[in-house]
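In what follows, a structure is listed as structure tokens, so that the remarks can point back to it.
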């Protein structure tokens, strides 16, 4: 640990991207953005972490995907992956608000033209409670 109480950590590129996207200005320290992402209250040195967990909800409220839910979809032999972050779909480096928006966004970007897709029948999800991948549409149809 350094004199300032900071210690270096190794992170992968995806984690770094989230920190950069969270920053509220170029001069904001990475640590401040990371504290917000972790739901810390802004007071350094706290030993109790109160993490705010957010979930994504379908418009009808029938489907809830907690933060950290893994997402995957295959289209034309290409697999796309992501996860729910702060109540939004973080897929292939972009945030989306809906499964169809995410499906259309990532496929259109790769195809170079606008496509139309129903994300409910394309995306599979894996929540912490799931032992296997579940088709998103099956969650909407379950009682």
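The values are calculated or read from the model by the stated rules, or taken from the named source; none is laboratory data. What you are looking at is a predicted structure, and each value in this text was computed from that prediction instead of being measured. Virtual Cβ from ideal backbone geometry, glycine too; neighbours counted across all protein chains shown.
Residues in segment 119-141 that are under 17 Å from residue 56 (Cβ atoms) and over 18 Å from the mean Cα position of the chain (by Cα): 137, 138, 139, 140. In segment 8-21, the residues that are under 17 Å from residue 95 (Cβ atoms) reach residues that are modelled with pLDDT of 85 or more with C-beta atoms within less than 6 angstrom, at least six apart or across chains, in these pairs: 19/30. Please indicate, with yes or no, whether at least one residue in segment 3-18 is closer than 20 Å to residue 82 by Cβ, modelled with pLDDT of 80 or more, under 19 Å from the mean Cα position of the chain (by Cα) and part of a loop (DSSP other than H, G, I, E, B). Scanning segment 3-18 turns up at least one residue that is closer than 20 Å to residue 82 by Cβ, modelled with pLDDT of 80 or more, under 19 Å from the mean Cα position of the chain (by Cα) and part of a loop (DSSP other than H, G, I, E, B). Within segment 34-55, one or more residues are at pLDDT 85 or above and either out of contact with any strand residue (DSSP E or B) (no Cβ under 6 Å at 6 or more places or on another chain) or surrounded by 11 or more Cβ atoms within 10 Å (Cβ to Cβ) (or both).
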